[in-house]
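Student: Below is a structure I'd like to ask you about.
The values are calculated or read from the model by the stated rules, or taken from the named source; none is laboratory data. What you see is a predicted model, and the numbers here were worked out from it, not measured in a lab. Don't worry about glycine lacking a Cβ; one is built from the backbone with ideal geometry, like all the others, and counts go over all protein chains shown.
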Ligand code: PBG
């Protein structure tokens, strides 16, 4: 039986009815706000391609974290800019580097905030790759995972709740898990960037984190955008190695991947609404071409609807404000 018995419009007649039958209720409970920590004090430099996003010294990071916590956003993810870059990215594991000092300051301020740290070498290496290289420019896997584990341990020591490896080296989740466990950090969780694609949507981030590769690209370690089944294998491997939460990145061009991962695996799924996804919206909004608020809420609803209960997004503060006023 169909029309006139069935009329889907019956349930769209009022906001009360629409709200009553809504399948996805956008919430700020799974939002994560990304932040960029740099050396020094009293530093706050806006990233030119990311309006409203700053490189900040630890004292300023804490100030913004207080605002984030007051808005009811549960978590931040910290990226770090080093004082000095070198071939092996040694500052990634330095207890006095910007990320470690920021975590310490957030802990001292006793903010009600989960602190996640991005674990990678690209911001710290002079060549800008996510692992160490040998002559000829090959990114070496096994020596890199030992360094990544050292960085993760230093974040845990500084007080991070969750470490998030984003390098895409094979075996890094297992290396990090065993390093943390051997140092009595068995309760620190791992959020792995499991299906991370080699994407042009990271462009503005590389300005923010000063992490553009100085030669070549990241195709030998990040995934080919054409592959979906391979993402399921990457996720399965990271879970076997001990990942607690897995992530798909970027989000918008990969909603199909988010959905397939959600259906296949019973673990929390995160998605990263990355820098160019943010900057494109900001640029079009500044030109008056789109309605920023509606666009952002629609984007975040689509990412949650696809299956990501955790969303890393530079829009987090705006969304939290809008949801409060709704
Ligand atoms: C580090 C890293 C990148 C992003 C998060 N972690 C960049 C890259 O892989 O080049 C991108 C985040 C964004 O674009 O917002 N490896």
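Student: Among the numbered criteria (1) touching a residue at least 24 places away in the same chain (Cβ under 8 Å); (2) over 21 Å from the mean Cα position of the chain (by Cα); (3) over 15 Å from residue 57 (Cα atoms), which single criterion is violated by residue 113?
Tutor: Tallying (1) touching a residue at least 24 places away in the same chain (Cβ under 8 Å); (2) over 21 Å from the mean Cα position of the chain (by Cα); (3) over 15 Å from residue 57 (Cα atoms), residue 113 fails exactly one: (2).
Student: May I ask you to say which residue of 256, 217 is out of contact with any strand residue (DSSP E or B) (no Cβ under 9 Å at 6 or more places or on another chain) and at pLDDT below 95?
Tutor: 217
Student: Additional query: crowded, with 16+ Cβ neighbours inside 10 Å, under 24 Å from residue 174 (Cβ atoms) and at pLDDT 95 or above - does that describe any residue in region 280-301?
Tutor: Scanning region 280-301 turns up no residue that is crowded, with 16+ Cβ neighbours inside 10 Å, under 24 Å from residue 174 (Cβ atoms) and at pLDDT 95 or above.
Student: Just name the residue that is farthest from the chain's Cα centre (by Cα) out of those in region 255-276 that are crowded, with 24+ Cβ neighbours inside 10 Å and within 13 Å of the ligand (Cβ to nearest atom).
Tutor: So, considering only residues that are crowded, with 24+ Cβ neighbours inside 10 Å and within 13 Å of the ligand (Cβ to nearest atom), the one farthest from the chain's Cα centre (by Cα) is 275.
Student: So residue 123 ticks every box in (1) away from the ligand (no atom under 16 Å from the Cβ); (2) crowded, with 22+ Cβ neighbours inside 10 Å; (3) part of a loop (DSSP other than H, G, I, E, B) but one. Which box is left unticked?
Tutor: Condition not satisfied by residue 123: (1).
Student: Search region 200-235 for residues being buried (at least 16 other Cβ atoms within 10 Å of the Cβ) and away from the ligand (no atom under 15 Å from the Cβ), and hand back the single one that is farthest from residue 144 (Cα to Cα).
Tutor: Across region 200-235, the extreme among qualifying residues is 232.
Student: Next question, about the same structure. For residue 221, are the conditions met, namely being within 24 Å of residue 315 (Cβ to Cβ) and in contact (Cβ under 8 Å) with a residue 12 or more places away in the chain?
Tutor: The answer is no for residue 221.
Student: Something else now. Out of curiosity, is residue 192 within 17 Å of residue 120 (Cβ to Cβ), within 16 Å of the ligand (Cβ to nearest atom) and touching a helix residue (DSSP H, G or I) at 6+ places or on another chain (Cβ under 9 Å)?
Tutor: The answer is yes for residue 192.
Student: With respect to the numbered conditions (1) in contact (Cβ under 8 Å) with a residue 40 or more places away in the chain; (2) more than 11 Å from the ligand (Cβ to nearest atom); (3) in contact with a strand residue (DSSP E or B) (Cβ under 6 Å, 6 or more places away or on another chain), which one is the sole condition not fulfilled by residue 152?
Tutor: (1)
Student: Evaluate region 11-22: report whether one residue or more is buried (at least 21 other Cβ atoms within 10 Å of the Cβ) and modelled with pLDDT of 95 or more.
Tutor: no
Student: Next up: Read through the list (1) farther than 23 Å from residue 308 by Cα; (2) free of Cβ contacts under 8 Å to residues at least 12 places away in the same chain; (3) not in a helix (DSSP H, G or I), then give the number of the only condition that residue 9 fails.
Tutor: (3)
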